[in-house]
Amino acid sequence: MQTEKLTQSLIESERQIINKSGNLKTIHLKFLSCRQSAESWNILECLEHLNLYGDFYLPEIEAAIKNSGTKGEAEFKSGFLGNYFAKSMLPKDKLNKMKTFKNKNPLNKPLDKTVIDKFTDQQLKLIELLNQSKNVSLNKTKVKTSISSLIKLKLGDTFQFFINHINRHLKQIEKIENEIKTSSISQ
Amino acid sequence: MKDIIELSEKTIILGRNEYLKVKGSVDTNIYFVESGSLRVFVLDDCEEQTIRFGYKENLVVSLDSFLTDKPSDFFIQAIKRTVVKIITKQQLQTFLKTENNITWWTAILENLVLQQLEREVDILTTSPKQRYERILKRSPQLFQEIPLRHIANYLRMSPETLSRLKKS
């Protein structure tokens, strides 16, 4: 895959993500905190879950770029594991459930709208990192995963995995929004 | 201007604070603002610096991307709900095959160069009062269309300073 094409498509995904998050700010806190069942996340918890991942990955990505010492390359080739992780994040037609690591589960954590601001700030940071990554190799620069510091992914795969993960949960948020709309109509 | 707007085959609506473009993207489109307002800014070490505004009936473009087909550092964000018509670079290039249209386009670009020169003098003017007066004289409409805090950023002064200058 051409690196330039990949970066452009990731930047465009980020533009759509940041617009979506801005729109969530206009929703009433009551709806943002509304959950469909005791075990399922509300909208703010979905975002907080993403923020927790951002807290881990954004500094890791930043450090990896800074210490990379490589040059930009025209081609990017996904690694075996990276490709698997990134693809596993893509939502299927019917959103499949996935296990959450305990330290990334915000269920019942007290949250307010600042969660959205934090999410938006993280996306601006990610856009900045996507720009910085143009000067290093997306193949040779490796980023630790949150699963284990022994498992590292190519920077290009980390970006894809990370952004697919965000899109996965934004889709979940859309689903919650629709459920709230339907249940408030039927009441 | 009417001819070029008629080239457009696509209209998009942006909600308040939505981004039309973010840093690092290649964007060679020309945008005609039907309604609403936009600002073009760069992020300088986490601080936003507004470079230009676009409001009703203005053309907005990431001129660097448009001319070079390369990524541009500019962000373009809607200040309020904004409707823009998209004219692609390709549509414009076809349009410019006619002699008359080239004359029209050259006039637009020449005008832009003059505006940029004015803006350069703005930024190099030390006195905040003079910076404010230059813009007020040049584009009084700006103060009708754009919130004060964005104009203050554009003028490189605090919103408090701008509001004090407006009163005096």
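Each value in this text was obtained by applying a stated rule to the coordinates, not by laboratory testing. Only a predicted model underlies this, so the values are computations on that prediction, with no experimental measurement involved. Ideal geometry is used to build each Cβ from the backbone, glycine not excepted, and the neighbour counts take in all protein chains shown.
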At R0 = 35 Å the Cβ-Cβ FRET efficiency linking B:Cys46 and B:Asp69, nearest 0.05, sits at 0.75
Low-density loop trypsin sites (Lys or Arg not before Pro), the range A:75-152, at most 10 other Cβ within 10 Å, DSSP non-H/G/I/E/B, are A:Lys92, A:Lys94, A:Lys97, A:Lys99
For chain A, the longest principal axis of the Cα atoms and the Cα long axis of helix A:114-132 enclose an angle in degrees, to the nearest 10, of 20
Everything considered on the Cα gyration tensor (a ≥ b ≥ c; rounded for a/c under 1.5, else prolate if a/b is larger than b/c, else oblate), the range B:32-76 must be described as oblate
For A:Ala38 and B:Leu148, extending 7 Å from Cα along the Cα-Cβ vector and measuring point to point gives, in nm, a value of 5.3
Under the helix-only model (-39500 (n - 2.57) for each DSSP H run of 4 or more, divided by the residues of chain B), the mean residue ellipticity at 222 nm, to 500 deg cm²/dmol, is -13000 deg cm²/dmol
Computed over chain B: longest principal axis from alpha-carbon atoms vs helix B:128-138 long axis, angle to nearest 10 degrees, is 40
Count of lysine pairs, the range A:122-186, Cα-Cα under 24 Å, sep. 8 or more residues or interchain, comes to 18
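Could you calculate the FRET efficiency of A:Asp55 with B:Gln93 from 1/(1 + (r/R0)^6), where r is the beta carbon distance between them and R0 is 56 Å, rounded to 0.05? Intermediate results must be reported in sequence, preceding the final value.
Numbers: r = 46 Å, r/R0 = 0.83.
After rounding to 0.05, the efficiency reads 0.75.
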Computed from the beta carbon distance with a Förster radius of 51 Å, FRET efficiency for A:Lys175 and B:Ser127 to the nearest 0.05 stands at 0.35
Reduced to Cα centres, the span from the range B:39-114 to the range A:98-163 in Å works out to 33
A:Ser9 and A:Asn103 label points (each 7 Å along its Cα→Cβ direction) are spaced in nm at 3.3
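If each DSSP helix of 4+ residues adds -39,500 (n - 2.57) and the sum is divided by the residues in chain A, what number results at 222 nm, nearest 500 deg cm²/dmol? It would help to have the intermediate numbers written out before the result.
Working: 6 runs with 111 residues, N = 187.
Only helices count here, giving -20000 deg cm²/dmol.
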For the range A:100-110, in residue order, the Karplus 3J(HN,Hα) values (coefficients 6.51, -1.76, 1.60; θ = phi - 60°; whole Hz; Gly and Pro = x) are 10, 5, 4, 6, 10, 9, x, 3, 6, 7, x
Between the Cα axis of helix A:43-66 and the main Cα principal axis of chain A, the angle (0 to 90°, nearest 10) is 10
